[in-house]
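Have a look at the structure below before the remarks.
The values are calculated or read from the model by the stated rules, or taken from the named source; none is laboratory data. Remember, it's a predicted structure, so these values are computed and weren't measured experimentally. FYI the Cβ positions are ideal-geometry reconstructions off the backbone, even for glycines, and counts take in every protein chain you see. Remember, those area values only see protein heavy atoms, side chains included, never the ligands or the DNA or RNA. Shrake-Rupley method; radii C 1.70, N 1.55, O 1.52, S 1.80 Å.
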Amino acid sequence: MRTALALAFILALGAGDVAHAKSVTKRKVTLAVDNLGCAHDVEAKPVSLKLAKQEALGLRIQNDCNVGRNTLVCLYDASGKLSNPFAACTSVPPGVDVAAPFLLTATGGKAEIDCAAKSEGSYTALVLVGDEVKGAACPAAPPKERLGETGGRTFNHRLAIEIVP
């Protein structure tokens, strides 16, 4: 039996301090729980951040199912190499960061991560949840996409990010 779990990603694009971004664009992630396994998708609309305007990427993640899940946000450059194009991030609760696993508690567990753009380039944010989180660090290269149970594509929760001058 599959139970749907919605995780909402909100991309905050604004000037100044990352906690005070002005405009907000929503991205949805859907996580389906099948026993102890997970499958989820990220809305594929890319994000463009401008260094000159000190824009930031904000992630708002909520776990609405009755099972706690480890979550890991990994970033890769255009060549597929592990990278982090952001300055120091702020989070609620404190200590949650990209490239480090964190636990979303069952039924309403939340995390907010806000990161200011730092390095120009094209990047991919990859979200791993549940059984996909293997160890305490991001994989050196992003995992390949795989086919779902019904033959449909299951995406590895990728979000294209471009940081420009």
| query | Which members of the stretch 110-150 meet the condition of being at pLDDT below 85, open to solvent by 40 Å² or more (accessible area, probe 1.4 Å) and outside any strand (DSSP E or B)? | reply | Asp131, Pro143, Lys144, Glu145, Glu149, Thr150
| task | State yes or no: is Ser48 at pLDDT 90 or above, in a loop (DSSP other than H, G, I, E, B) and either over 13 Å from the mean Cα position of the chain (by Cα) or within 20 Å of Arg158 (Cβ to Cβ) (or both)? | result | no
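Give the residues of the stretch 83-98 that are open to solvent by less than 50 Å² (accessible area, probe 1.4 Å) and farther than 15 Å from Tyr123 by Cβ, sorted by residue number.
Step one: list which residues in the stretch 83-98 are open to solvent by less than 50 Å² (accessible area, probe 1.4 Å), which gives 83, 85-87, 89, 91, 96, 98.
If the condition is that a residue be open to solvent by less than 50 Å² (accessible area, probe 1.4 Å) and farther than 15 Å from Tyr123 by Cβ, then Ser91, Val96 are the ones that fit.
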| query | Is there any pair with a first residue in the stretch 102-122 that is farther than 11 Å from Cys89 by Cβ and a second that is of a type in the set (S, T, N, Q) and modelled with pLDDT of 85 or more whose Cβ atoms are under 6 Å apart and which are 6 or more apart or on different chains, and what are they? | reply | Phe102/Thr71; Leu103/Asn70; Leu104/Thr71
| Residue count, the stretch 54-82 (criterion: under 15 Å from Leu126 (Cα atoms), open to solvent by less than 40 Å² (accessible area, probe 1.4 Å) and not in a strand (DSSP E or B)) | 1
